[in-house]
Structure formats: C-alpha cells, structure tokens
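Have a look at the structure below, then the notes.
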Amino acid sequence: MARVGVFVCFCGANIADFVDVKAVIEEAKTIKEVKYAIDYKYMCSDPGQQMIRDAIVQYRLTSIVVAACSPRMHEKTFRKALSDAGMNPYLLEVANIREHSSWVHQKDKKAATEKAGDLVRMAVAKSIANEQLHEISVPVTKRALVIGGGIAGIQAALDIADARIPVTLVERSPSIGGRMAQLDETFPTLDCSQCILTPKMVDVASHPYIELIPYSEVIELDGYVGNYKAKIRKKASYVNFKTCTGCGTCWQKCPVKVPNEFNCGIDNRKAIYTPFPQAVPNKPVIDAEHCTMLLKGKCGICAKFCEKGSIDFKMQDEVIEREIGAVVVATGYDLWDARPYEEYGVGRYKDIINSLEFERMVSANGPTGGVPVRPSDGKVPKTVVFIKCIGSRDEAKGIEYCSKICCMYTAKHAVLLHHKVHDSRAYIFYMDIRAAGKGYEEFVKRAQVETGAIYLRGRVSKIYQKGEKLMVRGEDAQLGQEVEVEADLVVLATAIIPYKSNPALARLLGISYDKYGYLSEAHPKLRPVETAKAGIFLAGCTQAPKDIPETVAQASACAAKVCGLFAGDTLKKDPMISTVNREFCSGCQNCVKVCPYQAIVTEDIPLGHGAKEMRTVAKINEGVCQGCGSCVAICRSMAISLAGFTDPQIINEIVAI
C-alpha cells in the first residue's frame, strides 16, 4: 500500500503570491494514497528538509512529492534528504509549481492554484509507480585534456597538474599564450602582459604532469565521462624539436617573407618562424603554405645553415591517441570584421585600424617598437579617434550582445597613447561606458583626467579623407550637436566573436552552442562551467566575452570540477537512463539516428537460442546516456524504456487528471 507524503513550498513570495498554497495542501489530503501533507515557506532550507526526514520515519512514507521550483534547482537537495532518512532517493517526485504554474499565471491566481493542484495530483500518481533505482558506477581515467593554450587553458592545465593529475594541453598554433601574448599591458593595473603570462607559459612547458602538444588539433573524441578517447592531429612542423636549439639561424637566412599574423599583418615574418620572442616552445615551424622548398622543391637554405640538422622536409602529420577522463575547452576568441561599416571607409583608408592592431603597435615587442604610427606614411599620430561598439550591440550590421571588454581596453589605449606620445590627444566616441569590475570605474576616470581623453557620447556617422587627415563626423548627444574631428589615426573597438571552428568543435565533442557560435553551458547560474555532456567543461571566451580576471577564475573553476571528478576511482552516475529490451528490438536503428549524445550503438545477437543466424539490435552505453528520452519516443517497437519515466508512471500521471 502506497503511503505518499506531500510537501508544498511557498518559495518566499515566488509561489505563495500567485498560488493558494493552503488550498493545494487541502486538495492533496483528499488523495487516498497521501498520508501526510504540509506546507513550509522554504522547503529547501535545513528546517524544510528536516520536516521531510521526520515525516518519512513518523508516518512510514513510501514515496515523497515536493511541490516547489524546477527539479533542476533542488532535486538533488531533496533526494539527499530522502537518503538521509533511509529512503531510496529515486522515490522522490518534484512537482514544478513555480515555473509551470505561479510564474506563468501571475494574473490569474485561481487558474494558477488549480494547475498547481493538478501538478501535485499527477506527481502523487507517478510516485506510486516509482521504483527503487541505484546509481551507476563508471570507471575513471585520471587524465585531463585541455583544448586551447591561451590564458584560460594555461591556468586550467596548471591547476589540474598541481593536483598531480596528468594533463594533455593541445594548442592549434606553434606556441601557447593566446591573445594575451599579443597584449602590451592589462587593465586596470597596467601590468605588463608578458611579465605575468610568460612565467606561466614556462611553467606549463616544464611541469612534470603536463604534456604540451603545440601546432595540433583535436580531430576526434569518443566515449563518455571518465572514459574518453581523443585523437589529436599534430601538424608537421618540419623541424625536429628534440635536436633544435632555437638559435634562429634558419629564419634569419630564409628568403621568403609573409604577413605576420601575430602582429596583425603590420610587418612580415619568414616562412620558417617562431610566433614571438617569448614563444613556448621556442622552436620554429615551417609554414607549408609558403615554404618554397615544400611547394616547388627549391631553396632549402634553412636546412643548409642548420648546424644540428633539425630540418626535415619529409616530416608528416602525426595522429596521437590519448585516453582521458575529462575535457576543458578553452579555445578563445576572434575579432569581428568591420568591413560592413562602409561609411567608415574600412578597407579604403589605411589609417583606420582595429584595436588589436593598435595594441601591437604600442607593445614593446611590437612591429613599430612600441610607438603607434600611421600605416599610410609611418608618421606618429597626434590626434587619435577611438570608436567603440563596432559590431557590438548592433543588430543591423553586427551582433546583438555587448563584447564586455571594449570600454576598458579603449580607456587603456587612451592611457597608453598618452604614455607613448606625450603631446597626443584622444577622442573616444561611445554609446555607454560599461566599467563593471574592481578598479574599472576608477581606471576610466583616470583615462579621462590624467590623459585628457575627450569622451563624446554618440555614434559616428561618417569618416572621409581630407588631405592627409581623416575627418570623423559624429554627434555629441550630451550637447545635442554634431561634431567633426580631424584625426591622424582612427582605432575601431571591434566586437569579440567566437572562432569560426567552434560549431565544428562542438559537434565533434557532442556539446551545444548558441546562435553566435559560443559553446553553451549547462546552466547559466548554477553550472556555468559545465556542459550538458558530463565531463566536458568550458573556460574563457569560448563560452562568452570575458576579461582576463574572469577568464582565469573560470579556468580555475574548471580545474576544481576536474579534480572533483577524479577524486575517486569510479564515478557515480544518475540511473535514470534508457534500456533496450532486446526481444522486442527490430534493429531499425532509428534510435541511433536521433540520440544527441551518440549513446546508442548496435550489436549482433543470435536470432534465437542456439541459432547460428544473427540479428542486429540496439545497445545503450550507460556511461554516455543522459536520459533525454529521444530514443523512447521514436522506438516503433516499444523496445526502449527510460528509468523513472516508464509507461506505467506516465499513464498514472495522465489518468490522475
């Protein structure tokens, strides 16, 4: 005989203001199987949980219904309360009367109350058919894979490795460092970027628990949490890193020059190169797309002058396989192409550059020796106009979201301009100043007061050339008048966007991404670094625009999650997963096609007892299955069932109303 306990939460005012909680309790008491029903203001609190534990013992309850907020919020909390009282935690049902009733019927309390009563009645009916379930144990491979060698990947790798957990760090470029390596100074403290980044890069290369694989990409990831198998393509560098000393003779002698992407194409590099002086590893690679020897079979000067004989033109790409337990994705960001702003003359006027190009100019190791110059004639600019929100917050031409860091790095650029060119003047056109962070507002004021930067609130309507100058026409909304500035140089604060490869990477990993291409977290507030796929975590700008402190904090959070995952020899997994009745399975494989987690494969079994003929049936990997139920819905043979959502349970819910 079922003995059900019903506990209804006020959720402060979230539920009680729109649902008559007392009426819901009284209706629950009329249900035959309900032996105890009570309400409380905050059921998720310690006193609320204690009420559940006490009632289980006192009234010999066989299942529990909690009518409160979404099970995504506190289902684990209430399951633990049941477990503490000696009851199987999967005999719990959560009736979501907040999101499904009070919040969607705020203008009709009567309807909200009736719906809440129905939801409780359905939950009671389902709980009667609930069965005891037990967590699944999954073995763990204690090795982490970090994809991306920027500051996020570096921090995550170091934190995990410091816990004595082996890490494989994969970086697509020849050196780790990412975007931060391209910066001169960082806001709001104006620390030298290389000074705080380079020691961490060196630590990665020398750490006994970190395997650094540069110039590589992950091409395949199979398996499930704790038991992934990764394939990594290590691109041919045509240089033997074991014998190369990084002396630099090869790139000094190389006659081929190509635009230097690290310096945004402002200067040139050689076909054999290291990205920047502080690169880790500090060994050159050969650019196969521009090397004359690889393209035409001629030249080979680098090999002739290499005393160690480290140049190997026959080197091939290598595929490396690693067994890993968890993945941290930290692929960074790219910059939006400003060419849609035709009225600004982007692409027509040489003296219109983006913020990263300006950053490389003012950098001490940059192409211009730390002094900004006009690309058109090499002269030092005296009047510089900075235009913010280029592509950001612009639904018509760009993207809807705010890129978050542009306000701060533009203020930094104004300060750096003043430091490098003392008699310069900065004009900053802006929509809003968003300086939310420790010391950020003070830094913006410093840029305004110390450097004399003139902030003009308004959009720029047009940029045109007049002699050697660029005429920037816009508005000053605070004065309500049009302004025109004669500029030597115009710097565009372009939007931050995810790398174009993000969607392909998401599909490879089996995780989701949003309409912009950023990888999606499991929950924006409660699980901000986790993905819907267990064991895969997100750090830095691969998820959304972030500044350096937030990126580092998120990377460390990922490391903490990985360490927690590896705390035991096995993982405990939710048992609410699908199972296949092989007797009923027809082998149509529709379930294989619809499974978003690639959790279903096929296997061959004998056609009958002792038969030699074989037939194909579906097989579910319990370590991968997330219990979404897509396979159950599409199975024509009704051969698949989902634990916790069986046919009797669902039918009970339907009959209850």
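The values are calculated or read from the model by the stated rules, or taken from the named source; none is laboratory data. Everything quoted here is computed from the prediction, not taken from an experiment. Glycine gets a Cβ as well: all are built from the backbone with ideal geometry, and neighbour counts include every protein chain shown. The protein model used for the area step is the full one, side chains on, heavy atoms only, and it has no ligands, DNA or RNA in it. Shrake-Rupley method; radii C 1.70, N 1.55, O 1.52, S 1.80 Å.
Give me the pairs, please: first residue somewhere in the stretch 25-43 and aliphatic (A, V, I, L, M), second residue anywhere and open to solvent by 60 Å² or more (accessible area, probe 1.4 Å), beta-carbon distance under 8 Å, and either six or more positions apart or on two chains.
Pairs that qualify, where the first residue is aliphatic (A, V, I, L, M) and the partner is open to solvent by 60 Å² or more (accessible area, probe 1.4 Å), are Ala28/Arg121; Ile31/Arg121; Ala37/Lys29.
Please go through the stretch 129-143 and pick out each residue that is surrounded by 20 or more Cβ atoms within 10 Å (Cβ to Cβ) and either free of Cβ contacts under 8 Å to residues at least 40 places away in the same chain or more than 25 Å from Gly568 (Cα to Cα) (or both).
Asn130
Among the residues of the stretch 493-550, write down those that are hydroxyl-bearing (Ser, Thr, Tyr) and farther than 27 Å from Asn227 by Cα.
Passing the criteria: Thr494, Tyr499, Tyr516.
In the list Glu521, Glu486, which residue meets the criterion of being within 30 Å of Val384 (Cα to Cα) and open to solvent by 10 Å² or more (accessible area, probe 1.4 Å)?
Glu486
Assess whether Val491 counts as being over 25 Å from His422 (Cβ atoms) and among the hydrophobic types (A, V, I, L, M, F, W, C).
No.
With Ile353, Ile286, Ile311 as the choices, which residue is closer than 30 Å to Gln465 by Cβ, modelled with pLDDT of 95 or more, open to solvent by less than 40 Å² (accessible area, probe 1.4 Å) and outside the structural domain of Gly510 (by TED's automatic domain parsing)?
Only one candidate passes the filter, namely Ile353.
Give Cys195, Cys254, Cys291 a once-over and let me know the one that is of a type in the set (A, V, I, L, M, F, W, C) and at pLDDT below 95.
Going through Cys195, Cys254, Cys291 in turn, just one is of a type in the set (A, V, I, L, M, F, W, C) and at pLDDT below 95: Cys195.
May I ask you to say which residue of Leu509, Leu492 is open to solvent by less than 10 Å² (accessible area, probe 1.4 Å), not aromatic (Phe, Trp, Tyr) and not assigned by TED's automatic domain parsing to the domain that holds Lys533?
Leu492 is the lone residue from the list that is open to solvent by less than 10 Å² (accessible area, probe 1.4 Å), not aromatic (Phe, Trp, Tyr) and not assigned by TED's automatic domain parsing to the domain that holds Lys533.
Looking at Phe262 and the list (1) outside any loop (DSSP other than H, G, I, E, B); (2) open to solvent by less than 30 Å² (accessible area, probe 1.4 Å); (3) under 25 Å from Val167 (Cα atoms), which single condition is not satisfied?
Against the list (1) outside any loop (DSSP other than H, G, I, E, B); (2) open to solvent by less than 30 Å² (accessible area, probe 1.4 Å); (3) under 25 Å from Val167 (Cα atoms), Phe262 comes up short only on (3).
What are the residues in the stretch 194-239 that are part of a loop (DSSP other than H, G, I, E, B) and buried (at least 19 other Cβ atoms within 10 Å of the Cβ), if any?
Pro214, Tyr215, Val225, Gly226, Ser237, Tyr238
Run Thr570 past the list (1) surrounded by 15 or more Cβ atoms within 10 Å (Cβ to Cβ); (2) in contact with a strand residue (DSSP E or B) (Cβ under 7 Å, 6 or more places away or on another chain) and report the number of the one that doesn't hold.
Of the numbered conditions (1) surrounded by 15 or more Cβ atoms within 10 Å (Cβ to Cβ); (2) in contact with a strand residue (DSSP E or B) (Cβ under 7 Å, 6 or more places away or on another chain), the odd one out for Thr570 is (1).
Can you name the helices (runs of 4 or more DSSP H) wholly within the stretch 588-657 that have at least 1 residues being closer than 28 Å to Asp222 by Cα?
Hits in the stretch 588-657: 590-594, 630-634.
Matching residues to (1) outside the structural domain of Ser173 (by TED's automatic domain parsing); (2) in a loop (DSSP other than H, G, I, E, B); (3) open to solvent by less than 40 Å² (accessible area, probe 1.4 Å); (4) touching a residue at least 60 places away in the same chain (Cβ under 8 Å):
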| residue | (1), (2), (3), (4) |
| --- | --- |
| Ala338 | yes, yes, yes, yes |
| Glu400 | yes, yes, no, no |
| Lys404 | yes, yes, no, yes |
| Lys412 | yes, no, yes, yes |
